[in-house]
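Some notes on the structure that comes next.
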Amino acid sequence: MIKRVRSWWKQKDPQLLPERSMDNVPEHVAIIMDGNGRWAKSRGLPRIVGHQTGMKAVKRATIAADELGIKYLTLYAFSTENWKRPKDEVDFLMRLPQEFLAIELDELIQKNVQVRMMGDRDGLPQHTLNAMEEAMRRTAGNDGLVLNFALNYGSRKEMTDCMKELGKQIQEGRLSPDEISPELIDRHLLSGGMPDPDLIIRTSGEMRLSNFMLWQLAYSEMWFTDIYWPEFNRNHLYEAVAEYQRRTRRYGGLT
């Protein structure tokens, strides 16, 4: 009988780690971190304050995922479509990885967290890329939680680039069309080497995928919350995992 995570979110103190079950914990959780701007607007604050406050939620989610025994945590930090936002906001968002890692990298190393990034590196400012590459280099030997930032990431571009690469290999005679399989495509995606997300979370009340891991989320369980991302804490993650544990994943078959 599968043990269920109890109602952790009812705890009064979100800083307390409640009793938990390690049965049926999702191996890979992906989060669309949405609602920073609306959180700030609801408080009469500039949007950038919401983005900056959201960094604290990143730390809370990372700690909670590690506590639960989740092995991979993928955070949708910046999409290929986010470049359409005002330049001042984009410039601020591009400084956040550098600011976050300057504060938190030493602790991530101590916690045995491995930092990864998936996205189009060519489009990133050099200071953003430098911060991410330093974090990946310094945590490469860690074998704990994998904290994967989807930065300048878009799933359609990812799949298009994958098809181009496979088409090139066919054209050069290095690959036969008959050899193309879901497993081969998996290996050529930016998430290659990681399992597909078991659970996808989106904050702020929106219920769409927004060009995020469209291939990889084919059979992921989805959990939506009205909470804005800056408000997200460990108990919200516990709630999502508890709901995941109540579901039966059939992958198109029968129980």
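The values are calculated or read from the model by the stated rules, or taken from the named source; none is laboratory data. Just so we're clear, the structure is a prediction, and the values are computed from it rather than from any experiment. For neighbour counting, all protein chains shown are included, and Cβ atoms are generated from backbone atoms with ideal geometry for every residue, glycine included.
Would you check which residues across segment 119-158 are hydrophobic (A, V, I, L, M, F, W, C) and farther than 13 Å from residue 80 by Cα and list them?
Within segment 119-158, 129, 131, 132, 135, 136, 140, 145, 146, 147, 149 meet the criteria.
Can you confirm whether segment 36-54 contains a residue that is under 14 Å from the mean Cα position of the chain (by Cα), touching a residue at least 24 places away in the same chain (Cβ under 8 Å) and assigned to a helix (DSSP H, G or I)?
Yes, segment 36-54 has at least one match.
When residues of segment 170-191 are filtered for being of a type outside the set (D, E, K, R), part of a helix (DSSP H, G or I) and without any contact (Cβ under 8 Å) to a residue 12 or more places away in the chain, how many remain?
Result for segment 170-191: 4.
Quick test for you: out of 194, 207, 213, pick the one residue that is within 28 Å of residue 231 (Cβ to Cβ), outside any helix (DSSP H, G or I) and free of Cβ contacts under 8 Å to residues at least 60 places away in the same chain.
None of the other options fit; the residue is 207.
When you go through 197, 177 one by one, which is the residue that is modelled with pLDDT of 95 or more, more than 23 Å from residue 62 (Cα to Cα) and not aliphatic (A, V, I, L, M)?
So the residue among 197, 177 that is modelled with pLDDT of 95 or more, more than 23 Å from residue 62 (Cα to Cα) and not aliphatic (A, V, I, L, M) is 177.
Free of Cβ contacts under 8 Å to residues at least 12 places away in the same chain, surrounded by fewer than 19 Cβ atoms within 10 Å (Cβ to Cβ) and either within 17 Å of the chain's Cα centre (by Cα) or part of a loop (DSSP other than H, G, I, E, B) (or both), is that true of residue 137?
no
Please specify each residue of segment 77-127 satisfying the condition of being closer than 22 Å to residue 212 by Cα, assigned to a loop (DSSP other than H, G, I, E, B) and aliphatic (A, V, I, L, M).
124
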